[in-house]
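The values are calculated or read from the model by the stated rules, or taken from the named source; none is laboratory data. Remember, predicted model here, so these are calculated numbers, not experimental data. Every residue, glycine as well, gets a Cβ built from its backbone with ideal geometry; the counts of neighbours run over all protein chains shown. We work out accessible area using only protein heavy atoms, side chains counted, and drop any ligands, DNA or RNA first. Shrake-Rupley method; radii C 1.70, N 1.55, O 1.52, S 1.80 Å.
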Amino acid sequence: MFLAWRELSFARSRFGLMGGVVALIAVLVVILSGLSSGLVNDGVSGLKKLPVTEFAFEEGTSIDSGFSRSTVDREQLARWEDQEGVADAALFGNQLVNGEGPDGEPVDLALFGVEPGSFVAPLSDDVIEGSGLGTDGGIVVSQTVTDLGLGLGDTVTIDRLGTELTIIGVLDGQHTFGHVDVAYVPLDTWQEIHAGVPDGAEARPEIYDEATAVALVSAPDAGIDTAAGDAAAGTTTVTLEQSFDGSPGYSAETLTLELIQVFLYAISALVVGAFFMVWTIQRKHEIAVARAMGASTSYLVRDALGQAVVVLVVSTAVGMGAGLGFGAFLTSTPMPFALEAGPLGLAAALLIGLGLVGAATSVGRIVRVDPLTALGGQR
C-alpha cells in the first residue's frame, strides 16, 4: 500500500472531506439504531421478557390486533395442555387501561393478567422491591413506573370502574407494552377489569373463564405442533416474535426506521463509490505511469481497495464514537433510546462493507488504464 499511503498524505484534505461525510453518516446510523432499539424495547420489552415460546389467540384473529380482539377460555387452555410438545400452558390477559395515582395524576398501564404461581407470573428474583404477585389484588409493576413518582404502597384507581390496584412489588428493568408501563395483576382481577365490572359490583361467573390468549412454552427436546393444537383448540398460534406485531404501532415504527437505515446505507455506498470514481479519473496519468513501470493490475487494485478500507474504517470509527457520545446523552432523556452492541456492530459492518462495494466500482477504470497513456499524459 505504498501508493495508497502517499496519496492519503498528499490529498489529505480531499480524503478528510470524504471521511467527514462517512463519519456523519455513521453518526446518523448510531442514532437511528438507538432509536430503533429504544422503540422496540418501549413497545414490546414486556413481551420479550416473558418465558413464552408461542401465543394461541382466538381462531381467525389478525396478529396486529391479537391482544385487543382475541378471547380464549379455559376449555381451550385444557386442550392445549394435552398437546404433545407443550411443557406448560397458562391463560394470559392483556389490556391497556387509564387510571389515576394517589394524587390524581394520570397513569396509563398495560395490565398483564396472569395466574399467581404460573410460569408467566413474574419471578421473585426479578422483584427488586416489595413482594411477588399474590391473590390479594395487588400489582407488580415495571421499574419505569417509579419515573411517574409512584412506589410501593401507592394505589392506582382505574378510570370509570373505581377499581383500586395497590403496588406491592417493583420489577427490575423496563417492562413495557405499546409504550405503556406493564403491571402484572392476578388473572381474576384482570378479568373483572376487562369485563368492565365496577368496583364492588357482582360479576357474571363466566367472565372468570376468559383471557386474551393461551401462553405456551415448548418442551426443551420437542417443538409444538401448532397446526394440531389449533385444530383441537380452535385457535390461531403465533410465535412470541410474531406476537410483537400486536403491540400498537410496532410494525409501522420499526419499518419506518429500517427503511431510513436502508437509504442511509445506499447513500453511503453511492457517495463512497462516486468519490473513488472521481479520484481514479483524476489520477489516471499516475496509474498509467505505475503500470508502465511494471506495477501489476492486481497490485493497483489491492492498493485502491486498501485505501478505501483505511478511509472507511477510520471514518466509521470516528463517527461511531461521536454517535455513542451523543447517544449517551439521549439515554438520559425521556426519548426511547437504547444503545445495544449487536445492532451497532452490524451497522458498522454494513457501513464499511457497502462502502467497499461502492469503492469497488472504480476498480474497472484502473484495469482499463492503458500504460501508453503515460507517454502522452501531459499533452
Out of Thr237, Thr256, Ile267 - ranked by how far each Cα lies towards the positive end of the dipole of region 206-310, with unit charges on the beta-carbon of charged residues - the top one is Ile267
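Assuming R0 = 30 Å, what is the FRET efficiency of Val271 and Met335, from their Cβ-Cβ distance, to the nearest 0.05?
So, using R0 = 30 Å, E works out to roughly 0.60.
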Distant-in-sequence amide H partners of Ser118 (H built 1.01 Å from N, under 5 Å):
none
Computed from the coordinates I sent, semi-axes √(5λ) of the Cα gyration tensor in Å equals one of (1) 39, 22, 20; (2) 30, 27, 19; (3) 59, 24, 15. Tell me the label.
(3)
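Averaged per residue, what accessible surface does the chain expose to a 1.4 Å probe, in Å²?
I get 47 Å² per residue for the chain.
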Report, to the nearest whole %, how much of the accessible area of region 191-260 belongs to carbon and sulfur atoms, 1.4 Å probe, protein only.
54
Between Ala228 and Arg69, 0.36 nm times their residue separation minus their Cα-Cα distance comes to what?
54.9 nm
Given backbone amide H placed at 1.01 Å from N, residues whose amide H is under 5 Å from that of Thr163, ignoring those fewer than 5 places away on the same chain, are Ile158, Asp199
Which net charge results when you count Lys and Arg as +1 and Asp and Glu as -1 among the other residues whose beta-carbon is under 11 Å from that of Gly249?
-4
Whole-percent carbon and sulfur contribution to the accessible surface of region 87-146 (1.4 Å, no ligands, DNA or RNA) stands at 42
Karplus ³J(HN,Hα) for region 64-73 (6.51 cos²θ - 1.76 cosθ + 1.60, θ = phi - 60°; Hz, whole; x = Gly/Pro) runs 5, 10, x, 7, 10, 10, 6, 9, 10, 10
Once both labels are modelled 7 Å past Cα along the beta-carbon direction, what's the Asp125-Asp147 spacing in nm?
2.7
Whole Å is fine, so just give me how far the alpha carbon centre of region 345-364 lies from that of region 239-279.
16
Karplus ³J(HN,Hα) for region 247-263 (6.51 cos²θ - 1.76 cosθ + 1.60, θ = phi - 60°; Hz, whole; x = Gly/Pro) runs 6, x, x, 4, 5, 4, 5, 5, 5, 4, 5, 5, 5, 4, 5, 4, 5
Label-point separation (nm) for Arg160 and Thr239, each offset 7 Å from Cα along Cα-to-Cβ?
3.7
How high is the relative contact order of region 52-199? Use alpha-carbon pairs under 8 Å, at least six apart in sequence, and give a whole percent.
24
Using unit Cβ charges (K, R positive; D, E negative) and no other charged atoms, how large, in debye to the nearest 20, is the dipole of the chain about its Cα centre?
4440
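Taking GluC sites (Glu not before Pro) as exposed when DSSP calls them loop (any state but H, G, I, E, B) and at most 15 other Cβ atoms lie within 10 Å, what is the longest stretch of the chain free of them, the sites themselves excluded?
The longest such stretch corresponds to 203-339.
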Spin-label point model (7 Å from Cα, Cβ direction): what's the Val262 to Glu286 distance in nm?
3.8
Long-range amide H contacts for Asp181: which residues qualify at under 5 Å (H placed 1.01 Å from N, peptide plane, sequence gap of 5 or more or a different chain)?
Ala110
With unit charges on the beta carbon (Lys/Arg positive, Asp/Glu negative), name the residue among Met18, Val156, Ala90 whose Cα is farthest towards the positive pole of the charge dipole of the chain.
Met18
